[in-house]
Amino acid sequence: MVLAMAAPLLGGVLVPAAAQADGPGPRTKPKPHAKHAAVVALRLSGPVSAVVPGRTYEWTFTMTARGPGKSGKAAFRMRLPKSLSFVSGNRDCAAAGWTVECDLGTVRRGRTVTGAIKAKVSGDARPGQRIGLRGTVTWGRAHAARAFPAVRVGEPVHLGHSKAAPKKPQGEKTKANKPAAKKPHAKKPRAKPHAKPHAEKPRAKKSAAKTPAAVRRVARTG
């Protein structure tokens, strides 16, 4: 108490002795290093151009187990919008409602697994509508989520761009229905049988007319 009363007289303030000691304060105990969390990478890809209603397209995913665990069970999930309907998957995939899940099995550290999901575009999808999907992969306790590249709905393709020909009344034959006229077969000239050479009849030799002896005699004497 005497020191407290004397402090104003001395022009100073009493400071606890512990604070006056030189050097750092009490050291805190270092915290133990946390274990490295498991890491899994995910890459996604989809159609590169506009999708057409009524057609089926493919969305692919690739996961890589980076560690540090040695192995773990992996699965991939994605939720489809109402404009798509699940068709198939190549990695034990099944759909429950609008959610598609693929069982990738046990994956070892450092291994990469690729899968694909096929979905059909609804016929009610509006041209210009944007379709955005998001996928999630789990590997043990690790997980990663990413969005697929967005894609737009294009104009529906109609089969047969040519205009339909006007209907003709029944009974009238069109050119297509008319039977093709048969071309008359050209008659081949018949080969004439070889004419047999006519046998030449032997010409009769004219016998010289014999002059009577009396005439000859008159001719000599004359």
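The values are calculated or read from the model by the stated rules, or taken from the named source; none is laboratory data. Quick caveat: nothing in here was measured; it's all calculated off a predicted structure. Glycine gets a Cβ as well: all are built from the backbone with ideal geometry, and neighbour counts include every protein chain shown. SASA here: full protein model, heavy atoms, side chains in, ligands and nucleic acids out. Shrake-Rupley method; radii C 1.70, N 1.55, O 1.52, S 1.80 Å.
Subtracting the Cα-Cα distance of Arg66 and Val48 from their residue separation scaled by 0.36 nm leaves 3.6 nm. A Förster distance of 30 Å, applied to the separation of the beta-carbon atoms of Ala41 and Glu155, puts the FRET efficiency at 0.20. In this simple spin-label model, placing a label point 7 Å from the Cα along the Cα-to-Cβ direction at both Arg55 and Arg79 gives a separation of 2.8 nm.
Which FRET efficiency value, to the nearest 0.05, do you get for Arg130 and Ala94 by plugging their Cβ-Cβ distance into 1/(1 + (r/R0)^6) with R0 = 30 Å? Working from the Cβ atoms, E equals 0.65. Computed over protein heavy atoms with a 1.4 Å probe, the accessible surface of segment 52-106 works out to 54 Å² per residue. Potential lengthening of the chain between Arg141 and Arg111 amounts to 9.2 nm, from the contour at 0.36 nm per residue minus the alpha-carbon distance.
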